[in-house]
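Trainee: One structure, pasted below without further comment.
The values are calculated or read from the model by the stated rules, or taken from the named source; none is laboratory data. Just so it is clear, the model here is predicted, and its values are computed rather than measured. Note: ideal-geometry Cβ built from the backbone for every residue, glycine included; neighbour counts use all protein chains shown.
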Amino acid sequence: MAKESCSSSSTRILCASFNQDNSGFCIGTKEGFKIFDSQTGRLCFERAIGGFSIVEMLFSTSLLSIVGAGEQPSLSPRRLCLFNTITGTALRELNFLTSILAVRVNKKRLVVLLQDKTYIYDLNSLAILDTIDTVLNTKGLCAFSPNMDGCYLALPASTTKGSVLVYNVMELNTHCEIDAHRSPLAAIVLSSNGMYMATASEQGTIVRVHLVSQATEQSYSFRRGTYPSTIYSLSFGPSLQLPDILVATSSSGSMHVFSLASLINQRSKRSSTLLGSMFPDTVNDALEPSHHHVLHNAVPTGVKSYTMVRSVEKSSEELSTSQISTLRASISIITYSGYFLEYSLGINHLNEPSWTLEREFNLLTVLKEDVTNAK
C-alpha cells in the first residue's frame, strides 16, 4: 500500500487524467500542473502559475486544455484555455457563463461540460457544432471514446436513477439511452474503441458492462461487494475488440479487477444448462465470483483515486487436451493525495491472481531529473 501522508494535505491534486493512448498523464494542483510519461514516470513538463481544476492532453501533442480552479482571479473556472506546452502560451480561450466541470478532446472534437449543458466544438475552428441540454450534472460526470469510428460521449440522463445518454460526437446525434442502474450514476467509462461502456451507481455494489451497439438489450453484471462503496474510477483494458479486463477503485481502498472474457465464456456455458436458463443472465453474472479479483488496501481508505489499465498481455499454455490462456496486466493508479502507483497483476491458468507493486512515487515532489522506477 502507498505510504501516503494524510489526504487533507495542503498541496493536494485537484484533477488527474491520462491521455487518449495512455502514454502520458497530467495532474492539476493548487500550484499549477504537471505532465508525466506513463512508461517511465518521468516529469516532462510543469508550470506553477496557480490552481487548475481541469488539465486534458491531446495524445502526445503539445496541446493542453486547461481550466483554472478559481483561486486566482486570472484563472477563472469559467474560462477554457487551449495551451501550447512548447511555446508556453495560450492559443485560444473560450469563456462560459458558469463553471466548466469537464473537458474531453480528440483530434477533431472538443467537448465542454457545464452543469446542465454540453457543448460540442470543431477542434480546428472552434465553431460550435451542437449544444446538448442535460440533466443537472454537478460532478461533471461523463465518459468519452476518442476513436473516430466509435466516438461516443456518455452523460447522465437522470438525477434519480442510473440512466445514461450515449451521444455520437462525430455524427452529432443521440445514439441511445440506457437504463443501467436503479440509483444515480457515480462512474462511467467507455472502452477506447467505443464498443463497450461500464457503469456504477452511487450504491457501488454492482458494476455493469454494456455493448454500446446493443446497449438496450445486452449487459453483463459484476458484484463489487455487499456493502455500499463509492466507485471513484473505472478503466477498461486496451483492446481492438472486447477488453480482457475492467478495473475499478473505490472508497474502500481496494482495487477490483473483473474478467470480461471469463464472464462471457461462463455465460455461454451456463445458458446450456437447465438451472442456468431459469435465472436472468445479469443475476447469474453477479453471483459468479470466479471472474472477480480483489487487491485489498491498494490505496488508503477514503482517498480518491484514478486508475488506468496501461497494458494487457496474454499467453497460452497447453494443458492435456485444452489450451488455457494466462494474463498479465499493468495497472496505474493516481491518488488525489499525491501518489502514483503501478501494480502488475498476473492471473495463471488456475485463475489465481498475483500482485506486485512495481513503482510508487510522490507526484508533488518529483523533479524533472528524477528517475522514479524504485518502490
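Trainee: So for region 168-176 (the condition being more than 15 Å from the chain's Cα centre (by Cα), more than 18 Å from Gly225 (Cα to Cα) and crowded, with 24+ Cβ neighbours inside 10 Å), does at least one residue qualify? I'd like the intermediate steps shown before the answer.
Mentor: Of region 168-176, the ones more than 15 Å from the chain's Cα centre (by Cα) are 168-176.
Next, from what is left, pick out any that are more than 18 Å from Gly225 (Cα to Cα): 168-176.
Of the ones still in play, those that are also crowded, with 24+ Cβ neighbours inside 10 Å are 169.
Taking every residue of region 168-176 in turn, at least one turns out to be more than 15 Å from the chain's Cα centre (by Cα), more than 18 Å from Gly225 (Cα to Cα) and crowded, with 24+ Cβ neighbours inside 10 Å.
Trainee: Now for a separate question. From Ser38, Ser65, which residue is without any contact (Cβ under 8 Å) to a residue 60 or more places away in the chain and polar (S, T, N, Q)?
Mentor: On the way: Ser38 fails: without any contact (Cβ under 8 Å) to a residue 60 or more places away in the chain.
Going through Ser38, Ser65 in turn, the sole match is Ser65.
Trainee: Could I ask something else about it? Regarding region 196-203, can at least one residue be identified that is touching a helix residue (DSSP H, G or I) at 6+ places or on another chain (Cβ under 6 Å) and under 18 Å from Ser158 (Cβ atoms)?
Mentor: Residues of region 196-203 that are touching a helix residue (DSSP H, G or I) at 6+ places or on another chain (Cβ under 6 Å), as a first pass: 197.
Checking the rest, the ones that are also under 18 Å from Ser158 (Cβ atoms) come to 197.
Taking every residue of region 196-203 in turn, at least one turns out to be touching a helix residue (DSSP H, G or I) at 6+ places or on another chain (Cβ under 6 Å) and under 18 Å from Ser158 (Cβ atoms).
Trainee: Specify which of the listed residues (His256, His210) is part of a strand (DSSP E or B), at pLDDT 95 or above and of a type outside the set (A, V, I, L, M).
Mentor: Numbers: His210 fails: at pLDDT 95 or above.
That would be His256, the only listed residue that is part of a strand (DSSP E or B), at pLDDT 95 or above and of a type outside the set (A, V, I, L, M).
Trainee: Need the failing condition index for Gly162 against (1) of a type in the set (Gly, Ala, Ser); (2) within 17 Å of the chain's Cα centre (by Cα); (3) at pLDDT 95 or above, just the number.
Mentor: (2)
Trainee: Collect the residues in region 91-112 that are surrounded by 13 or more Cβ atoms within 10 Å (Cβ to Cβ) and over 24 Å from the mean Cα position of the chain (by Cα), keeping them in residue-number order.
Mentor: Those that are surrounded by 13 or more Cβ atoms within 10 Å (Cβ to Cβ) and over 24 Å from the mean Cα position of the chain (by Cα): Leu91, Leu94, Phe96.
Trainee: Give me a count of the residues in region 363-374 that are surrounded by 12 or more Cβ atoms within 10 Å (Cβ to Cβ) and modelled with pLDDT under 95. Lay out the reasoning, then the answer.
Mentor: Applying the first criterion (surrounded by 12 or more Cβ atoms within 10 Å (Cβ to Cβ)) to region 363-374 yields 363-364, 366, 370, 372-373.
Next cut, modelled with pLDDT under 95 only: 364, 366, 370, 372-373.
Of the residues in region 363-374, 5 are surrounded by 12 or more Cβ atoms within 10 Å (Cβ to Cβ) and modelled with pLDDT under 95.
Here is a yes/no grid of residues against (1) at pLDDT below 85; (2) assigned to a loop (DSSP other than H, G, I, E, B); (3) of a type in the set (A, V, I, L, M, F, W, C); (4) within 17 Å of the chain's Cα centre (by Cα):
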| position | (1), (2), (3), (4) |
| --- | --- |
| Leu246 | no, no, yes, yes |
| Ser262 | yes, no, no, no |
| Asn265 | yes, no, no, no |
| Ser272 | yes, yes, no, no |
| Leu275 | yes, no, yes, no |
| Asp285 | yes, no, no, no |
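Trainee: Based on what the data block shows, is Thr230 touching a strand residue (DSSP E or B) at 6+ places or on another chain (Cβ under 7 Å), modelled with pLDDT of 95 or more and buried (at least 23 other Cβ atoms within 10 Å of the Cβ)?
Mentor: Numbers: touching a strand residue (DSSP E or B) at 6+ places or on another chain (Cβ under 7 Å): yes; modelled with pLDDT of 95 or more: yes; buried (at least 23 other Cβ atoms within 10 Å of the Cβ): no.
No; evaluated as a whole, the condition is false for this residue.
Trainee: Would you point out the residue of region 37-61, among those that are within 17 Å of the chain's Cα centre (by Cα) and surrounded by 18 or more Cβ atoms within 10 Å (Cβ to Cβ), that is farthest from Ser99 (Cα to Cα)? Don't jump to the end; show me each part of the working.
Mentor: Narrowing region 37-61 to residues within 17 Å of the chain's Cα centre (by Cα): 38, 53-59.
Filter once more, so that each one left must be surrounded by 18 or more Cβ atoms within 10 Å (Cβ to Cβ): 38, 53-58.
Values: Ser38: 30, Ser53: 10, Ile54: 11, Val55: 15, Glu56: 16, Met57: 20, Leu58: 22 Å.
My answer is Ser38.
Trainee: Would you mind listing the strands (runs of 3 or more DSSP E) fully within region 44-113 where at least 3 residues are out of contact with any Ser or Thr (no Cβ under 9 Å at 6 or more places or on another chain) and more than 27 Å from Tyr152 (Cβ to Cβ)? Before the answer, list the steps.
Mentor: Details: elements: 52-57, 63-68, 79-84, 89-95, 102-105, 109-113.
Here the list reads 89-95.
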